[in-house]
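None of the figures in this text is laboratory data; all of them are computed from the coordinates on show. Computed from a prediction, not measured in an experiment: that's the story for all the values here. Reconstructed Cβ throughout: ideal geometry from the backbone, glycine too, with neighbour counts over all protein chains shown.
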Amino acid sequence: MAQPTIDSPGAPATEWRDKKRYLWLLGLIPPTALFVVTGFVALMNWAGRELEWSWLGTVSPVWWWIGPILVYLLLPVLDIFFGPDGQNPPEELIEQLENDKYYRYCTYMYLPFQFASLIFACYLWTADDLTWLGIESGGLGLASKIGLAFTVGAMGGIGINAAHELGHKKVTMERWLSKVTLAQTFYGHFYIEHNRGHHVRVATPEDPASSRYGESFWAFLPRSVWGSLKSAWELEANRMKRQDRPVLHHTNDVLNAWAMSLVLWGALALIFGWQVLPFLVLQAVYGFSLLETVNYLEHYGLLRQKNARGRYERCTPQHSWNSDHIATNIFLYHLQRHSDHHANPTRRYQTLRSFEESPNLPSGYASMIAIAYFPPLWRRVMDKRVLAHYDGDLSRANLHPRKAAGLLAARESAPVAVRERPAASSNPDAVAYRCGNCEYVYRIADGAPREGFAPGTAWSEVPDNWPCPDCGVREKVDFLPIGERA
C-alpha cells in the first residue's frame, strides 16, 4: 500500500478500520515473557526426566535469555516476514481514536506485569530451592541469572518506551505513571530531558540524544547518558530557581523520580537480600542502553539547518529516521513513526502516521539495534543513506566534530541556504499566547506557576528559549498572540 504524504490522510474515514486494534495487546509479551518461559523450563526439565532425554534439561536454561532472543532474533525475523505496515488513520478519525480509552489501557497494563516480573526475577535470583522447576542443583546457575537479568532489562528497556508514551501526555496520572515505569531502570530523569530537552534540540549538535554522522554507538552511549542526565538536572534546577525554591526540593522531578527508584530497589533488597543488587544494576544498565541504542538510530546524521537569524529551522519529517515495519511497531507503540511523533508529541500512539517524505531505515528498529553494535557495519548501511538524504552534501549533516574536517575535505560541498521563517508576533497588547504546535495557551493573568512564572508574569519576562511545557516542540518566539487588552 502506498504511503500518503504529510498532506494526504490516506483511506476515506468511512472505509477505514484499525487493523492493529487488538494486536496492540501483543505489546504485553515483554512483561509477561518471564512467566511463560518459566513454564517452559519446568516442562522441559520434567519431560527430560520422564523421557530420559537429558539434553532437554541441559538446554532449558536458554529460556532465561528470552529477552535478548526476542530483541535480536524474533522481532527482526518477524519484521522481515510481515514487512511494512502501510496503514495510516485518516485525519477525520484522529480525534475519535485519541479519545478511545482502550488504547490507553493497553499501555497501562504494561506496568503491573512489569513489576510482577521484576519481583519474580528477584525471587529467582536469590532462591536456593527451585526443585519445583525441576532444577536439581537448587538455585539458578550464574549464566541463568545473568540471562534473567538481561531478560528483565529488555523488559525495562521496552518499558522505557511505554513510559515515553505516557510521559508525553497532558493527563497528570499518565505523567506520574511514566515516572513509576522508569523506576526499574533508574532512568527517571529521562522523563524531564526527553520532553523538555531532546524535543527542543533534536537533530542539532546541542542535543546529546541525537547521534552524529561518523559517530559510533559506543562513542554516542556515554555522551548521551551523561549529557541527558546533565541536561535534565539543569532544566529542573532552572525551574526550581524560577519558583524561588532550592534545587534540592521534593518537587524537583529529577529527584522525586530517582526517589522512586531508591524506594523500589531498597524494598527489593530488604525483601530478597542484598544479593539482588548486582542483578538490578545489570538489568538497569542493559535496559537504558537499549533506549540509547534507539536514540542513536533515530536521528543519525540528521541536522536542522540554521536560518539567517541564527535559529534552527523547525523540526520536520526530514529530521527523523523512520521505519514502518509492523512487528516492531506493535511492540514499541508506533515509536518507529518518529517524524510524526516529533511533529505532534502529545498525539497518542494509535494516531501516529508514516509519511513518504520521511527518511526510512532499511529495516525495523529491532534489526537496526543489532547493526548499531558493529560500527563498520552500521556505517556501511547508514552513511550512504545520510549522503543520499542530503544529495551528497555532507555540510548539511550533523557531523562528528572530530571527524568533520576530514569528512568535508573528502567531499567538496557548498552550504545550502535555508529559507527564513517569519518571526512570531510579540504583540505587547495580547492577553495570551498560544503554542504554534499544540493547544497549550500561556495566559498572562494565570501565568505558569509550575514553570516558575507567577500569575501576572508579562510575556516579555518569559525567556525566549522557554519551550512549550506540553509538546516541547515550540519555543516562546513561536507562540502566537491571542486577544488584546481592553
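Summary of computed values
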read-out: Estimated 222 nm signal from helices in the chain, with DSSP H stretches of n ≥ 4 weighted -39500 (n - 2.57), rounded to 500; value: -14000 deg cm²/dmol
read-out: Peptides ranked, highest mean first, by Cβ atoms within 10 Å: ranges 230-240, 201-211, 249-259; value: 201-211, 230-240, 249-259
read-out: Segment residue 464-residue 81, extension gain: residue separation times 0.36 nm, minus the distance between their alpha carbons; value: 133.0 nm
read-out: Full-extension gain in nm, residue 72 to residue 92, via 0.36 nm per residue minus C-alpha separation; value: 3.4 nm
read-out: Packing-based exposure ordering (other Cβ within 10 Å, fewest first) of 97, 377, 118; value: 377, 97, 118
read-out: Estimated FRET transfer efficiency when R0 is 22 angstrom, pair residue 53-residue 132 (beta carbons, to 0.05); value: 0.65
read-out: Angle in degrees between helix 110-126 and the longest Cα principal axis of the chain, rounded to the nearest 10; value: 40 degrees
read-out: Virtual spin-label span in nm between residue 387 and residue 26, 7 Å along Cα→Cβ; value: 3.6 nm
read-out: Alpha-carbon centroid distance for the pair the range 285-310 / the range 455-474, whole angstrom; value: 24 Å
read-out: Convex hull of the range 155-246 built on C-alpha atoms - directionally averaged projected area, nm²; value: 6.8 nm²
read-out: FRET efficiency, 1/(1 + (r/R0)^6) with R0 30 Å, evaluated for residue 230 and residue 271 via beta carbons; value: 0.35
read-out: C-alpha long axis of helix 142-167 to longest principal axis of the chain, angle in °; value: 30 degrees
read-out: Mean Cβ neighbour count within 10 Å, used as a protection proxy, ranking 45-54, 300-309 highest first; value: 300-309, 45-54
read-out: Residue order, fewest to most surrounding Cβ atoms within 10 angstrom, among 169, 179; value: 169, 179
